[in-house]
1. Looking only at the stretch 62-81, which residues are open to solvent by less than 30 Å² (accessible area, probe 1.4 Å) and either closer than 18 Å to residue 116 by Cβ or among the basic types (Lys, Arg) (or both)?
2. What residue, among those in the stretch 82-123 that are open to solvent by less than 50 Å² (accessible area, probe 1.4 Å) and under 24 Å from residue 45 (Cβ atoms), is nearest to the chain's Cα centre (by Cα)?
3. Looking at residue 121 and the list (1) in contact with a Lys or Arg (Cβ under 7 Å, 6 or more places away or on another chain); (2) assigned to a helix (DSSP H, G or I), which single condition is not satisfied?
4. Take residue 144 and tell me if it is touching a residue at least 60 places away in the same chain (Cβ under 8 Å) and under 20 Å from the mean Cα position of the chain (by Cα).
5. Starting from the stretch 124-136, take each residue that is surrounded by fewer than 16 Cβ atoms within 10 Å (Cβ to Cβ) and list its partners that are of a type outside the set (S, T, N, Q) and part of a helix (DSSP H, G or I), counting only C-beta distances under 9 angstrom and pairs at least six apart or across chains.
6. Identify, please: which residue in the stretch 41-87 is aromatic (Phe, Trp, Tyr) and not in a loop (DSSP other than H, G, I, E, B) and is, among those, nearest to residue 146 (Cα to Cα)?
7. Quickly run through the stretch 52-61 and pick out the residues that are surrounded by 13 or more Cβ atoms within 10 Å (Cβ to Cβ) and out of contact with any helix residue (DSSP H, G or I) (no Cβ under 6 Å at 6 or more places or on another chain).
8. Can you name every residue in the stretch 88-104 that is assigned to a helix (DSSP H, G or I) and aliphatic (A, V, I, L, M)?
Amino acid sequence: MSTAEQNRRKNQLSPRREPVQARARERARQILDTTGRLLEQVGLNDLTTILIAKELGVSVGSVYHYFPNKHAILYAMGEQWLASLTERLDELAAMNLEQLSLKDFLDDLLKRWMSVYREQRGLLPLVQAMWGIPELHELDERHDELVINHLVDMFRRLGFTCPPNETNRLARATLETCHAMLLVVVNQEGVRSERTRADLLNMLLVLLEPHRNDEKPSGLDDVEAP
């Protein structure tokens, strides 16, 4: 993508104004919260700025005062979600990971990760938008890079001594497994949710335990990550 095209898309997705006063910040927050709720009710395809404005009880012009279009609102929601995920991963990274067992680390990781997913209204259609709408692809790429970089560093501190390309492969596999399963967990309740989360923890232990302290399953020594 050319620089001009990147700048054009950035302008299309940037808020029309940065809310400074408390009232303006509250209105911007209300727009994002309302959009998340509507995503759960009507889905991505039927979401419109007209519907958002109607739900808020304001004019469409009031919504456009803050965001130029629907994609800009979704982009802001995605950035908010990534900021929350960054905060939780940074909190985990600040712990003394070197003293944790792999099970305790994964249990804490899943609790923090799941809390971010539960807090974000309309997460599934938002994730679908990040993957399926070209203007939002950058958010999807930032999400993957964010999680993988954190996991690679934390795996190293946990005693993973496999080559960098293999550690990166394990981080990507962990990301994809958790992302898919947590989207299921957050849409379940009670015992069903806890059992699915327990299954996810066991899956990650099976995936990662053999790679600690340079222990590798047979046949993986010569495999290069793509």
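The values are calculated or read from the model by the stated rules, or taken from the named source; none is laboratory data. The structure displayed is predicted, hence computed values, not measured ones. Because the Cβ atoms are built from the backbone with ideal geometry, glycine has one as well, and the counts that use them run over all protein chains shown. Note: areas computed on protein heavy atoms with side chains; ligands, DNA, RNA excluded. Shrake-Rupley method; radii C 1.70, N 1.55, O 1.52, S 1.80 Å.
1. Of everything in the stretch 62-81, those that are open to solvent by less than 30 Å² (accessible area, probe 1.4 Å) and either closer than 18 Å to residue 116 by Cβ or among the basic types (Lys, Arg) (or both) turn out to be 74, 76, 77, 78, 81.
2. Top of the filtered list is 82.
3. (2)
4. In short, no.
5. Close Cβ pairs satisfying both conditions: 131/137; 131/140; 134/9.
6. Ranking the qualifying residues of the stretch 41-87, first place goes to 81.
7. 54, 58
8. 89, 92, 93, 97, 102
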